[in-house]
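The structure under discussion appears below in the form of C-alpha cells.
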Amino acid sequence: MIVSLFPDAMYISDDKYVLTKKQFDTIMKLDMKQNISNKVSKETYLLNKPTFRKLKNWLEKETNRFAKEVLKWNSLDFYITQSWVNVATKGESHHGHRHPNSMLSGVYYISPEECHIRMMRDTKMWGNFVFDHDPKQENEFNTLSAKVPVEQNRVVIFLSEQVHSVDPIEDDSIRISLAFNCFAKGNLGGRGHSSELIL
C-alpha cells in the first residue's frame, strides 16, 4: 500500500475573467524592463489602479476560495499586495523562483489561448543530499517538476514558497500574464498556547 503524504495543492479557477478593452490597452502600454529571461512591468501595484478594481475583486475572491475551501484556512482573509505583468516572446522563458514576503501567489493568464506553468519540487528529497536521478518512469513521487497547462483568462493560485517557472517559448506567440502576491488578515495560533498572531 502506498500512502501519499503532505501533497501540495495548486488552484486553477473554474471561471474565467475576460479583460475589458480599457484594461487590456492599459496593460499593453505599460513600461517594461528586462528581467533575467523575460520582461516585467515597472509598475508593481497594477491592481491598485481603479481600472482594475473588478479584476482585483475577482482574483481576491478566487484566492479566498482556494484558502477556505481547499486549504481550510477559515480564520484568514487574503488580500492582494503587489501585482505586475510578465511578457515573454519566442526564445524567452521565466527562471525558477518563489515569492518572498507573501503567503499565496497567483498568475492570471492574458495570452495566448493555451499557456502553462511549471511547478518544481524542492530538490532536497533526501535531506541535505541532492541527487540527479533519472527514473525509468516519472510519477508524482519521483518527478522534480510538473508542466501544468492553463487556459487564457483563468488564474492559477499556489503557496508562495512553491518554486515555479516557464519553459522557453517555442512559437511566435506572446505570453502575457499578470502575477500577484497575497497576505492575510485574521488570527493564527491561539492565546492559550502562547502562539496567537493577530494579522
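Laboratory data are not the source of any read-out in this text; all were calculated from the coordinates shown. Because the structure is predicted, anything quoted here is derived from the model rather than measured. As a convention, Cβ positions derive from the backbone with ideal geometry for all residues, glycine included, and neighbour counts pool all protein chains shown.
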Checklist entry - In the stretch 149-176, what count of residues is obtained for those that are β-branched (Val, Ile, Thr), assigned to a strand (DSSP E or B), crowded, with 18+ Cβ neighbours inside 10 Å and out of contact with any helix residue (DSSP H, G or I) (no Cβ under 9 Å at 6 or more places or on another chain)? => result 3
Item to check | Cross-chain or 6+ apart pairs with Cβ under 8 Å, the stretch 15-35 first and in contact (Cβ under 8 Å) with a residue 60 or more places away in the chain, then among the aliphatic types (A, V, I, L, M) and outside any helix (DSSP H, G or I) | outcome: Tyr17/Val155; Leu19/Ile110; Phe24/Ile110; Ile27/Leu19; Ile27/Val85; Ile27/Ile110; Ile27/Ile176; Ile27/Leu178
Checklist entry - Which of the strands (runs of 3 or more DSSP E) contained wholly in the stretch 1-101 include at least 3 residues that are surrounded by 12 or more Cβ atoms within 10 Å (Cβ to Cβ) and out of contact with any Gly (no Cβ under 7 Å at 6 or more places or on another chain)? => result 39-41, 76-88, 94-97
Checklist entry - Can you pull out the residues in the stretch 58-100 that are among the hydrophobic types (A, V, I, L, M, F, W, C) and out of contact with any helix residue (DSSP H, G or I) (no Cβ under 9 Å at 6 or more places or on another chain)? => result Trp58, Phe66, Ala67, Val70, Leu71, Val87, Ala88
Next on the checklist: Give all pairs with beta carbons closer than 6 Å in which a residue from the stretch 74-88 that is more than 16 Å from Glu62 (Cβ to Cβ) meets a residue that is of a type in the set (D, E, K, R) and outside any strand (DSSP E or B); count only pairs at least 6 apart in sequence or on separate chains.
Outcome noted: Asn74/Lys68
